[in-house]
There are 2 protein chains.
Amino acid sequence: MTPPRQRPADRPSRERRRASHSIEAVLGAAVELLDESGEPALTIRGLAGRLGTGVGSVYWYVSGREDLLDRAVDHVLGGVLAEIERHPGTGDPVDELRRMAVTLFDAVVDRPWLGSRFMRNIDTEGNSLRLYEELGRQLLRLDLTPLQRFHAVTAVVGVVVSSAADLGQEPPQAVVDGLVEREEYLGRYATNWRALDPGEYPFLHDIVDAFDGHDDKQQFLAALDLTLNGLRLQAGQRPGPGARTEGP
Amino acid sequence: MTPPRQRPADRPSRERRRASHSIEAVLGAAVELLDESGEPALTIRGLAGRLGTGVGSVYWYVSGREDLLDRAVDHVLGGVLAEIERHPGTGDPVDELRRMAVTLFDAVVDRPWLGSRFMRNIDTEGNSLRLYEELGRQLLRLDLTPLQRFHAVTAVVGVVVSSAADLGQEPPQAVVDGLVEREEYLGRYATNWRALDPGEYPFLHDIVDAFDGHDDKQQFLAALDLTLNGLRLQAGQRPGPGARTEGP
DNA sequence: TCGATACTAGAACCACGTTCGATAATCTGG
DNA sequence: CCAGATTATCGAACGTGGTTCTAGTATCGA
């Protein structure tokens with residue numbers, strides 16, 4: 001069978017003869033662009049421009065924009081993985097899992113463009129898959145069924161992903177341009193909510209003050225701990241932080 | 001101050017004189033396109049074509065593609081909200097919350113293009129905000145601080161969002177075209193995983209069988225129940241399904 | 001009847017992803 | 001050292017899509 005289309009982008013892996021460019025250079029520049037101005041700012045032309053080359057050259061190294069994005073994600077995930085693997089990981093499994101999830105979250109805060117892509121390619125070998133394995137490995141030390149373990153990792157990754165999806169949504173252009181303070185932008189939520197009829201929106205009025213000074217990380221940790229406490233409960237452990245301590 | 005740009009799309013709300021088109025017609029057609037072929041299939045030109053009109057007319061009703069997408073989401077969310085509000089909601093608060101989350105999830109299964117957009121616009125009045133309120137209202141009946149309530153709703157919404165992000169990622173074109181079975185496509189994960197070195201990937205080998213026959217809904221419910229059990233624990237309630245039953 | 005408003009329509013502009021063929025640099029075998 | 005093959009570079013050109021603009025048509029109030 002003929003392959004669907006030629007992909008010269010598969011292996012420029014051998015020693016390059018004339019390495020004026022390289023896959024590393026391409027990925028590096030791509031990450032720079034992403035870091036500077038977010039996902040939509042990564043265009044093939046812009047990337048070629050930064051590399052001082054033509055668009056055709058970029059296509060020699062990657063098969064398209066989607067591929068480029070995937071590789072850029074994998075590229076930075078390498079660093080996260082190293083960070084996670086630095087520690088021994090001998091403590092309580094759930095605590096370890098928590099630490100890893102937090103590390104992952106911090107990486108997404110630094111690079112919101114990781115968005116919800118960063119755990120998408122777990123079908124083939126790559127840093128996403130290794131990360132997934134690393135997270136799950138902690139669960140092997142818990143008394144759970146494989147299905148429960150699978151669900152647990154999914155759940156924990158899900159907490160990070162949903163936070164990432166939050167962080168990843170580009171703020172309005174006015175905020176990026178600095179015309180409007182981020183504080184003011186977020187404060188608008190609270191202002192709008194307070195203007196609503198309390199009879200119709202009792203919950204929003206209940207939480208509006210808590211929301212007004214909200215902190216993304218705290219929010220993430222709260223969600224994570226709910227899940228982890230559910231997990232501890234499932235594994236027959238004592239609950240961790242955030243659970244009610246006083247007895248019945 | 002002059003407004004940033006004129007937006008005639010703000011209020012075609014008064015009685016239209018010649019309603020050959022209407023905002024309802026536009027949104028209806030948009031939802032049709034989205035349902036048929038997913039988000040990328042919704043183009044302004046395509047939409048205009050379906051409506052038998054020009055692109056300019058579309059821009060009369062919406063201010064751009066982003067706005068169109070937001071309105072389409074809000075449009076279908078109206079149905080979900082009605083579904084959720086149909087029931088009385090007098091039972092256990094966490095059970096009610098669970099029921100709502102499941103309803104929301106089911107809607108996303110039906111329309112994967114809701115993706116992770118469907119809870120994005122909670123700054124202004126709209127069905128997203130009402131949904132958010134509806135979910136949170138259940139928590140008013142629990143003994144929690146407002147901050148805890150805020151975090152809890154975020155967490156529950158997060159579970160739905162991350163599942164939605166999973167469902168929303170378009171399968172490869174070959175699957176859409178029916179050239180490759182969805183079963184086979186998913187089975188590839190398991191096949192690849194089994195080919196990995198068990199020493200390096202012990203976790204993947206542990207769960208691969210569980211993963212192979214995995215069901216999206218089951219997966220969602222598992223994550224949801226972990227979170228909800230964490231919440232019950234926080235509120236001083238007895239745990240629900242999925243928690244270990246035998247006492248110490 | 002006349003102007004104003006609401007709405008239709010599509011040409012035109014621009015940015016982008018992608019393809020393609022021409023070309024050059026480098027390697028390999030002889 | 002010389003061909004031919006391989007590896008890599010480059011930008012013109014194509015198609016698609018979002019958005020803007022301008023010209024036009026219908027409907028209403030006065």
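Among the numbered conditions (1) in a helix (DSSP H, G or I); (2) within 8 Å of chain A (Cβ to nearest Cβ); (3) surrounded by fewer than 22 Cβ atoms within 10 Å (Cβ to Cβ), the only one that B:Phe150 does not meet is (3). Is one or more of the residues making up region B:58-69 touching a residue at least 40 places away in the same chain (Cβ under 8 Å), under 23 Å from B:Gly168 (Cβ atoms) and within 13 Å of DNA strand C (Cβ to nearest atom)? Yes, there is a match, as at least one residue in region B:58-69 is touching a residue at least 40 places away in the same chain (Cβ under 8 Å), under 23 Å from B:Gly168 (Cβ atoms) and within 13 Å of DNA strand C (Cβ to nearest atom).
Within region B:143-156, the set of residues being without any contact (Cβ under 8 Å) to a residue 40 or more places away in the chain and of a type outside the set (D, E, K, R) comprises B:Thr145, B:Pro146, B:Leu147, B:Phe150, B:His151, B:Val153, B:Thr154. Just checking, does region B:197-207 include any residue being under 25 Å from the mean Cα position of the chain (by Cα) and at the interface with chain A (Cβ under 7 Å from one of its Cβ atoms)? No; the residues of region B:197-207 include none that is under 25 Å from the mean Cα position of the chain (by Cα) and at the interface with chain A (Cβ under 7 Å from one of its Cβ atoms).
Residues in region A:71-118 that are touching a residue at least 12 places away in the same chain (Cβ under 8 Å) and polar (S, T, N, Q): A:Thr103, A:Ser116. The selection criterion, being part of a helix (DSSP H, G or I) and crowded, with 17+ Cβ neighbours inside 10 Å, does not hold for A:Glu183. Among the residues of region B:221-236, those identified as assigned to a helix (DSSP H, G or I) and either out of contact with any Ser or Thr (no Cβ under 7 Å at 6 or more places or on another chain) or more than 7 Å from every other protein chain (Cβ to nearest Cβ) (or both) are B:Leu221, B:Ala222, B:Leu224, B:Asp225, B:Leu228, B:Asn229, B:Leu231, B:Arg232, B:Leu233, B:Gln234.
Counting only helices (runs of 4 or more DSSP H) that sit wholly inside region B:17-106, those with at least 2 residues that are exposed (fewer than 14 other Cβ atoms within 10 Å of the Cβ) and away from DNA strand D (no atom under 16 Å from the Cβ) are B:65-86.
Every number in this text was worked out from the coordinates using simple rules, so none of it is lab data. As the structure is a prediction and not an experimental result, all values here were calculated from the model. When we count neighbours, we look across all protein chains shown, and the Cβ atoms used for this are built from the backbone with ideal geometry, even at glycine.
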